[in-house]
1. Please name whichever of ASN35, PHE23, GLN74 sits farthest to the positive end of the charge dipole of the chain, dipole taken about the Cα centre and charges placed at Cβ: Lys and Arg +1, Asp and Glu -1.
2. Expressed in nm to one decimal, what extension gain is obtained for the pair PHE6 and ILE36 from 0.36 nm per residue of sequence separation less their Cα-Cα distance?
3. Would you please give the residues with an amide H less than 5 Å from that of LEU66, counting only those at least 5 places away or on a separate chain, with H modeled from the backbone geometry?
4. Can you give the local net charge around GLU27? Use residues other than it whose beta-carbon is closer than 15 angstrom to its beta-carbon, Lys and Arg +1, Asp and Glu -1.
5. Among ARG43, ARG58, which comes first, second and so on when ranked by fewest other beta-carbon atoms within 10 Å?
6. If each Cα of the chain is one equal point scatterer, what is log10 of I(q)/I(0) from the Debye formula at q = 0.12, 0.28 Å⁻¹?
7. Determine which lysines satisfy two conditions relative to LYS3: a Cα distance under 17 Å, and not lying fewer than 8 residues away in the same chain.
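What follows draws every value from the coordinates through simple rules; no lab data is involved. Predicted, not measured: the structure shown is a model, and the values here were computed from it. Cβ atoms come from the backbone with ideal geometry, glycine included; neighbour counts cover every protein chain shown.
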Amino acid sequence: MSKRAFSAEYKYEVLKAWEDGLFTLSELAKKFKVNISTIQDWRKKAIDEYIYFYNHNRYQKRLNGLCPLEFGAQAA
């Protein structure tokens, strides 16, 4: 069985519909023709990427131009 490639926009559309509560997970899987576990994996990956961004790439003026992890390491 071959893997299908989905665009970032397609994944966003599916996850946005789930987040908005428009459909249940099983309804989304049928509507978008994607396996339930695939949708759950996309959501986990999106959350993990956001957490990484939040801690590593969010440089702030109030933290002396450092990201939260750098600031925490400096304070320790």
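1. Of the listed residues, the answer is ASN35.
2. Numbers: separation 30, 0.36 × 30 = 10.80 nm, distance 1.45 nm.
That works out to 9.4 nm of additional length.
3. Counting only residues 5 or more places away or on other chains, the set is GLN60.
4. In short, +1.
5. With the sparsest Cβ surroundings first, the list reads ARG58, ARG43.
6. Here log10 of I(q) over I(0) equals -0.50, -1.29.
7. LYS11, LYS33
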